[in-house]
Amino acid sequence: MLSLPELQKQLTETLYGGEPPEELLRRVLANGLDPARRLQVYRNNTFSNLTGALRAVYPVIDRLVGEAFFDEAARQYIPKQPSLSGNLHDFGATFAAFLGDYAHAQSLPYLADVARLEWAYHRAFHAVDHAPLDLQALSQVSRDKLDRLVFFLHPSATLIHSRWPIITIWQANRDETGNEPGEISLDSGACMALVIRRGMDVFFESPPGPEFTLLQKIAAGENLGAATRAALAAGAIDLEDVLQRHVTCKTVTSFTVL
Amino acid sequence: MPDSDTTSARTADPIPARAGIGLRADHYEDLLSQLPPLAFLEVHSENYFGGGRPLDFLERLAEHYPISFHGVGLSLGSCDPLSTAHLQQIADLDARFQPVFLSEHLSFSSAGGVFTHDLVPLPYTEEAVAHFASRIAQVQDHLGRRILVENVSCYLEYAHSSLSEADFVAAVAEQADCEILLDVNNIFVNASNHGHRAEDFLESIVPERVAEIHLAGFTRNRFTDGEILIDTHNQRVAPAVWELYARTVRRLGPRATLIEWDTDLPPLSVLLDEAELANRIQDEARALVA
C-alpha cells in the first residue's frame, strides 16, 4: 500500500523527470489515456513552468545563447537544482554556477557572470522595502565605537565583481528595439557592479575600486574598521563623503554596534 | 469598520456578486488610468511577497478596488510541514490589504522539500479529507480568518479514490469549515478528461459554502492515443464553460466571479469584455429568480 507521503514523493520525482515506479502507475487510472501519458502531462507542465520562470529571470542569457540552447540548459538544470521554495520567484539562484560548469557554454566564458547580474537584478526587483537609516541613532554612536559599527545594505543590494564587461553586455542585449547589439570588446575591462533598487527602479552602478571594496566588506558583515582598512588598501577614497552618500541614497539602511 | 461577522470569509466588507479580473503587471498602468468598473482584482499572493513596483501598484489599485489574494505556492495538500515563513508572508499581506478573499488550492505541489509548482490532486479518500481539513485549520488559525479552497484541474485520477471529486471538495469544506472557490472551468475540464457529468459536481456542492467562482480558458491537447483538456488560462472562456457557468449561478445564485488569464495576456479590454459577459449571465440568472 502506497502511503500518501510516499505517493507524493514518487509523483514529485516523476514530475522532475524520473521514471514513474510501477506501483505509482498502478495508482493512476487509465480511463481513455495511458497512465504514463497522464504523468507526462504533469511533467511537461512542471518543466514548462520552471523553464518559463528561468527565462523570465534570465532574458539576456536567453538572447545570448538562443531559445533552443536555453531550453536544453534549463532541461538539464531543473532536475539538478530543483525548486526548494513555494515562491517561484526564488527559483534559479544557482543557474549562474550551473552555466559556469556547463560543458556547452565553455566558449562563452562571460555567460555565468552575466547570469549573476541578471539574478541580482531579479532579486533587487522583488526585494522587500526598507526604511532609511536612523540618522539620529547613528549620530549618538560615540567616536571611540565607530570602528565597531556594522552597517547593513538595502535588502535589494548585490555586489558583483567580474573580469568581463557584464553591464555593457546586459545593456546591449536588453535593447527593446530588436536591433542586434553591436560588437563588444571582451577585453574592455573588469566590471564592479552595485545592483540596487532605488525607489521603484533597479540600477547598475559602477563604483570605483576602493568604494566597491568598502561596500563589499560591509555586505560581508565586516565592521567599519575592517571595511575601511580594506578600502584604503585598494586605493584613495574619501571615506566620509562616500559613506554619507550611501546613507543619503539608502544603499546603507541600518547599523548595529558590535 | 470591517465586517467582524465570524461566519464570513471576509475581513473587508463583502463585495457585490459581480465580476472581477486577475491583475497582471502588464495591465497595471491601463487599470490605473482607466479605472473600469470591476467588483474586485485578484492577484497571486506570491507576486507581492517583496516590495518595490509590484507592491506600489497594488497599494494604488487597492485604493480603488477590493483585492483578493490567490495563493499558488503554499502546497496545502503536501505531507511536508506547512511552511510557516510562507504562511507568515500571506498573513502580512492579509493584515496590510484586508483582502476580500484569500484562497489556496486543493492540491499539493511539494514533497520532501522539492516544489514542482504544479497543482497535483490528492486521491479522493477520507484520509486526504482529514489531511486537508487539518492543514486548512492550521492556516485559518494562523490567519485568524476563513480561507477559500479551489477545486483544481486534474489530468489524472487515482485508482484508490473512494469519493467523487465533488463529494471530496464538499467534505473538505465541511470538515475544515472553510469556503469554496468554485472553478467552473476546472469542473468542465475534469468532467471532459475523466468522463464525468459536470452537473453531478454542482449537485454535490452546498451553495452557501461557495464564496467565489473562477472562469478561464482551456487548451485541447491531442495525442495519437487520446486527448486531454489543459487548464491553460491563456484564452477566452469556452462557450460550453459559459453554459456551465450559467447553470452554476442558477443553482448557487450569483457570486463574485473572476476572469483568470495568466499567459498570452490580451489587452485589458478583452478581460473587461469577458467580465461583462459574466455580469450579463448573472443578471439573467437574477431575472429568472425575480
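FYI, it's all coordinate maths here, none of it is from the lab. Just so we're clear, the structure is a prediction, and the values are computed from it rather than from any experiment. No Cβ is skipped: glycine too gets one built from the backbone with ideal geometry, and neighbour counts run over all protein chains shown.
Dipole orientation for the protein assembly as shown: of the candidates A:A231, A:G32, B:F188, A:A231 has the Cα lying most toward the positive pole (charges on Cβ; Lys, Arg +1; Asp, Glu -1).
Working from label points 7 Å from Cα in the Cα-to-Cβ sense, the B:L32 to A:S206 distance is 3.2 nm. The sum of -39500 (n - 2.57) across all DSSP H runs of n ≥ 4, divided by the residue count of chain B, sets its helix-only mean residue ellipticity at 222 nm to -12500 deg cm²/dmol.
Rounded to the nearest 10 degrees, the inclination of helix A:4-15 to the longest alpha-carbon principal axis of chain A is 80 degrees. A cut-off of 5 Å between modelled amide H atoms, ignoring neighbours fewer than 5 places along the same chain, links A:S83 with B:F115. Enter the angle in degrees (range 0 to 90, nearest 10) between the Cα long axis of helix A:111-126 and the first principal axis of the Cα atoms of chain A, meaning the one along which they spread out most. Around 80 degrees separate the two axes. Looking at the stretch B:36-289 alone, DSSP beta bridges between its own residues are antiparallel in about 30 percent of cases.
For the pair B:A137/A:R163, report the inter-label distance in nm, with labels modelled 7 Å from Cα in the Cβ direction. The answer from the label model is 6.1 nm.
By a straight-distance test (C-alpha under 22 Å), which lysines pair with A:K9 as possible cross-link partners, with residues fewer than eight away in the same chain excluded? Filter leaves A:K80. Each residue in A:D90, A:D134 was given a count of other beta-carbon atoms within 10 angstrom of its own, and listing them fewest first yields A:D134, A:D90. Counted over the protein assembly as shown, the DSSP beta bridges are approximately 50% antiparallel.
Max-minus-min Cα coordinates of the stretch A:116-258 on each principal axis give 56, 33, 21 Å, with the largest extent listed first. Partner lysines whose Cα lies under 24 Å from the Cα of A:K217, excluding those fewer than 8 positions away in the same chain, are identified as A:K145, A:K250. Within 10 Å of the Cβ of each residue in B:126-132, the mean number of Cβ atoms contributed by other protein chains is 1. Across the stretch A:1-108, Cα-Cα pairs farther apart than 22 Å form 40% of the total. For B:R96 and A:R148, what does the FRET efficiency come to when R0 = 41 Å and r is the distance between their Cβ atoms, rounded to the nearest 0.05? FRET efficiency, B:R96 to A:R148: 0.70.
Legend: mean number of C-beta atoms from other chains within 10 angstrom of residue C-beta atoms, peptide A:193-201, equals 2.
In this structure the amide hydrogen of B:Y158, modeled in the peptide plane, comes within under 5 Å of the amide hydrogens of A:L29, B:Y124, none closer than 5 places in sequence on its chain. Protection proxy ranking, highest mean first, for peptides A:59-67, B:96-104: B:96-104, A:59-67, where packing is the per-residue count of other beta-carbon atoms within 10 Å, averaged. Calculated on C-alpha atoms, the gyration radius of the stretch B:49-89 divided by its Kirkwood radius gives an Rg/Rh of 1.09.
As a proxy for reagent exposure, ranking A:K250, A:K80 by other Cβ atoms within 10 Å from fewest up yields A:K80, A:K250. Spin-label model, A:A30 to B:R286: label points 7 Å out along the Cα-to-beta-carbon direction sit 5.1 nm apart. The fewest-to-most ranking of A:L24, A:L29 by surrounding Cβ atoms within 10 Å reads A:L29, A:L24. Using only Cα atoms and rounding to the nearest 10 degrees, what angle (0 to 90) does helix A:35-57 make with the longest principal axis of chain A? Rounded to the nearest ten degrees, it is 20. Rounded to whole numbers, the Karplus 3J(HN,Hα) couplings from phi for the stretch B:31-42 are 5, 5, 7, 9, 6, x, x, 9, 5, 6, 10, 10 Hz, using 6.51 cos²θ - 1.76 cosθ + 1.60 with θ = phi - 60°, and x at Gly and Pro. Taking the empirical scaling 2.2 N^0.38 Å for compact globular proteins as reference, the protein assembly as shown has a Cα radius of gyration ratio of 1.07.
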